[in-house]
1. Among the helices (runs of 4 or more DSSP H) confined wholly to the stretch 40-159, which include 3 or more residues that are closer than 20 Å to residue 30 by Cα?
2. Being in contact with a helix residue (DSSP H, G or I) (Cβ under 8 Å, 6 or more places away or on another chain) and more than 16 Å from residue 160 (Cβ to Cβ) is true for just one of 129, 113, 95. Which residue is that?
3. Restricting to the stretch 167-192, and then to whatever is exposed (fewer than 15 other Cβ atoms within 10 Å of the Cβ) and modelled with pLDDT of 90 or more, can you tell me which residue is nearest to the chain's Cα centre (by Cα)?
4. Mind listing whichever residues of the stretch 171-202 are touching a residue at least 24 places away in the same chain (Cβ under 8 Å) and not in a helix (DSSP H, G or I)?
5. Listed residues 116, 64; which is assigned by TED's automatic domain parsing to the domain that holds residue 188 and surrounded by 21 or more Cβ atoms within 10 Å (Cβ to Cβ)?
6. In this structure, is residue 147 closer than 16 Å to residue 88 by Cα and either surrounded by fewer than 13 Cβ atoms within 10 Å (Cβ to Cβ) or in the same structural domain as residue 110 (by TED's automatic domain parsing) (or both)?
């Protein structure tokens, strides 16, 4: 377990270590990203590292949780203000893809978590799914979307976003102009989501 900072300065130092670790883990992988590289990137002494983290594994888990918190916050902001569930889906998916464009390190870190910290990987997905399942359950119960199994729908749609982000944003492509999701891909994704969730009107 990592130590909670007691001062604003301590919070800033801990945040610098996490940010440096995120970059190092994405670039070098868990095993090659040494604590020396991480502390040098953060501009802190080796001894300072151990004031906040018992070791590299605990830091890796915290990097996963930090990415997860920021991703969920971005998606929540993206869907805020939507007047219906389908609009919320559009805002949430847009925020998800925009986050990936700004943070391409998400994929290598989350993928490596399967081998390095599988408990953190599972929590990453479950924390996203928990709120999503509730939102879909409420929308289905009110008739706003189709009568779907909210848990199956949530996990399936999470998979849609993750696979499209991997294919069109994370994988190297010399012909890609930017890391943003292509507009036509985004619209095709939204059509798929709409077809899956839109209620059948008699």
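1. Details: elements: 46-52, 56-79, 85-102, 106-116, 118-141.
Hits in the stretch 40-159: 46-52, 56-79, 106-116, 118-141.
2. Values: 129 fails: more than 16 Å from residue 160 (Cβ to Cβ); 95 fails: more than 16 Å from residue 160 (Cβ to Cβ).
The conditions single out 113.
3. Narrowing the stretch 167-192 to residues exposed (fewer than 15 other Cβ atoms within 10 Å of the Cβ): 167, 171-178, 183-184, 187-188, 191-192.
Filter once more, keeping what is modelled with pLDDT of 90 or more: 167, 183-184, 187-188, 191-192.
Working: 167: 16, 183: 21, 184: 22, 187: 21, 188: 21, 191: 23, 192: 21 Å.
For the stretch 167-192, the residue satisfying everything is 167.
4. Going residue by residue through the stretch 171-202, those that are touching a residue at least 24 places away in the same chain (Cβ under 8 Å) are 178-181, 186, 189-190, 192-194, 196-200.
Within the stretch 171-202, 178, 179, 180, 181, 198, 199, 200 qualify.
5. Working: 116 fails: surrounded by 21 or more Cβ atoms within 10 Å (Cβ to Cβ).
Among 116, 64, only 64 is assigned by TED's automatic domain parsing to the domain that holds residue 188 and surrounded by 21 or more Cβ atoms within 10 Å (Cβ to Cβ).
6. Values: closer than 16 Å to residue 88 by Cα: no; either surrounded by fewer than 13 Cβ atoms within 10 Å (Cβ to Cβ) or in the same structural domain as residue 110 (by TED's automatic domain parsing) (or both): yes.
So residue 147 fails the test.
The values are calculated or read from the model by the stated rules, or taken from the named source; none is laboratory data. As the structure is a prediction and not an experimental result, all values here were calculated from the model. Cβ coordinates were reconstructed from backbone atoms using ideal geometry, including for glycine residues, and neighbour counts include every protein chain displayed.
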